[in-house]
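In what follows, a single structure is set out as C-alpha cells and then discussed.
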Amino acid sequence: MSVRWVMPVPGYLDSSVFLFLFPLLECPLTFSRVDVARSLLGDCEYRPVDVFEAWAPVNIALCKYWGKRDAALNLPVNDSLSVALPDKGTRTRVTRLQGESKDIVFLNDQPVSEADGFYQKVVAHLNLFRLDRGDRFRIDTVNNIATAAGLASSASGFAALTRATAGVQGFNLDGKALSILARVGSGSACRSVFDGFVRWHKGEAVDGMDSCAAPLSQVWPGLRLGVLTLTGAAKKVGSREGMARTVETTPLYSAWPAQAEADIAILEQAIVDRDFELLGVTAEHNAMTMHATMIASWPPLLYWEPESVAVMQKVWQLRKDGVPVYLTMDAGPNVKLLFESPVEDSIRQVFPDVEVVKLFP
Ligand code: DP6
C-alpha cells in the first residue's frame with residue numbers, strides 16, 4: 001500500500017517531531033483506485049480460468065446519487081436507493097488471451113477502437129484486476145437496452161464487467177467487495193451488483209471501504225416501471241461533469257444531502273408498508289429536487305426536452321383524474337413512470353408506446 005503525505009506539516013513541528021509521528025501514518029491519506037483494488041484483491045487466491053460470463057441489471061434510483069465527496073473513487077455525498085430492472089441490463093464475457101499485448105473489446109458485437117473512450121474505460125477497469133500480472137483479455141459486452149430508452153447502461157456495464165473479470169481471475173469475492181469494485185468504475189454500478197431494491201450506503205471512510213450497496217429483503221410483485229423512449233437528443237453533459245458542476249456552482253445543493261437522507265428513510269418505510277402513494281410522491285419529489293439543483297447550476301444543466309415536459313404534464317393530469325402514477329428522471333431527457341399493475345391499462349391508453357417492466361417475480 002503506498003504512503004503519500006498530503007497534509008501540510010505545520011511550521012511548529014520540527015523534523016524530530018515529524019520523525020516521531022511518521023510511524024503512526026501507516027495508512028495513506030488519499031487513496032487511488034489501485035489502492036482500493038490492491039486492498040480487496042491483493043490477498044485473494046489467483047485461480048485463473050479461460051473464460052467467465054456475467055450478467056448485471058440496469059437500476060433506476062428512487063432516491064438519486066448526485067454529488068461526490070471523492071471524484072476519483074466515486075464516493076457519494078448521500079445514500080441512494082434503487083430498484084433493478086430484472087430483464088434489462090448487460091451480459092459480459094471475459095476471455096483470457098494468450099500472447100497478446102493488448103486487450104480487445106467488443107460492444108454489441110462490434111469491435112471498439114483503442115482510441116474510443118469506452119475502450120479506455122474498460123481497460124482502466126481491467127487494470128484493477130491484473131494487479132502486477134500481464135494478463136490480457138477479450139471483452140464481449142452486450143446491452144439489451146436501447147440507448148435511446150435513456151436507461152443508463154454504464155451501471156449494468158461496470159457491474160457485469162466487475163463480476164466477469166473477478167470470475168476469470170478466480171477471485172472469490174463477496175457482494176460487498178464486488179459492489180466497491182463496480183463503484184470505482186461508475187458510482188451507480190455498485191447498486192447493479194444486486195437485484196431488487198438496493199441501498200447504496202455512502203460510507204464515511206476516506207478509502208471508501210464502507211461505501212457499497214446492499215439489497216433490501218422486500219419484494220413488491222405489483223410494482224411496475226414504465227419506460228418511455230422519447231425522441232430526445234443524446235445526453236449533453238455526462239453525470240460526472242454534471243455532478244461536479246452542481247456541487248461547485250449552486251447554493252441550492254446545500255439542501256440536497258439532508259433531503260436525500262430524509263427521502264431514503266421514507267422510501268424504506270414505504271417499501272416495508274407497500275405504501276405506493278408514499279413511494280411515488282417521495283421518488284418523484286426526490287427526482288425533481290435533484291433536477292432543481294441541476295437547473296440552478298451555472299451554466300445551467302437542463303436535461304429536459306419539450307417531450308419530457310409534455311410527459312410530466314400528462315402524468316400530473318392522470319393523477320388529477322385519479323390514476324396513481326408518478327415519474328422519475330435521471331441525467332437525460334427521458335421519463336420513467338412508476339405505477340402498480342391495476343392501472344396498467346390506463347397508463348397504456350395515455351402512453352401507447354410505453355414499455356412496461358415488471359420489477360419483481
Ligand atoms: C442521475 O453513476 O453515472 O443516474 O459515478 O460519475 O459514473 P458516475 O455517475 P453515475 O451517476 C448516476 C446519476 C443518476 C442518479 C442515480 O442513478 O442515482
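Distance between the C-alpha centres of segment 278-348 and segment 261-275: 19 Å, rounded to the whole angstrom. Once the mean of 1/r is taken over each pair of separate Cα atoms and inverted, segment 86-188 shows a Kirkwood hydrodynamic radius of 14.0 Å. Its residue count N sets the reference 2.2 N^0.38 Å, and the alpha-carbon radius of gyration of segment 249-361 equals 1.13 times that reference.
Short to long, the 10 Å bins of the Cα pair-distance histogram for the chain hold 5, 23, 31, 24, 12, 4, 1, 0 percent of all pairs. When the charge dipole of the chain is built from unit charges on Cβ atoms (+1 for Lys and Arg, -1 for Asp and Glu) and taken about the Cα centre, the candidate among PHE118, GLY99, VAL83 whose Cα reaches farthest toward its positive end is GLY99. Considering only ALA331, THR165, VAL272, and ranking their Cα positions along the charge dipole of the chain that arises from unit charges at the beta-carbon of Lys, Arg, Asp and Glu, the one farthest toward the positive end is THR165.
When peptides 251-261, 90-100, 42-52 are sorted by average Cβ neighbour count within 10 Å, with the highest value leading, the order is 90-100, 251-261, 42-52.
Screening the chain for DSSP H helices whose Cα atoms reach 27 Å or more along their own axis and whose mean Kyte hydropathy is at least -1.0 gives 276-295. Other residues with beta-carbon under 15 Å from the beta-carbon of LEU107 carry, at +1 per Lys or Arg and -1 per Asp or Glu, a net charge of -1.
No value in this document is a laboratory result; all are computed from the given coordinates. A quick note: this is a predicted structure, and the numbers were derived from the prediction, not measured. Don't worry about glycine lacking a Cβ; one is built from the backbone with ideal geometry, like all the others, and counts go over all protein chains shown.
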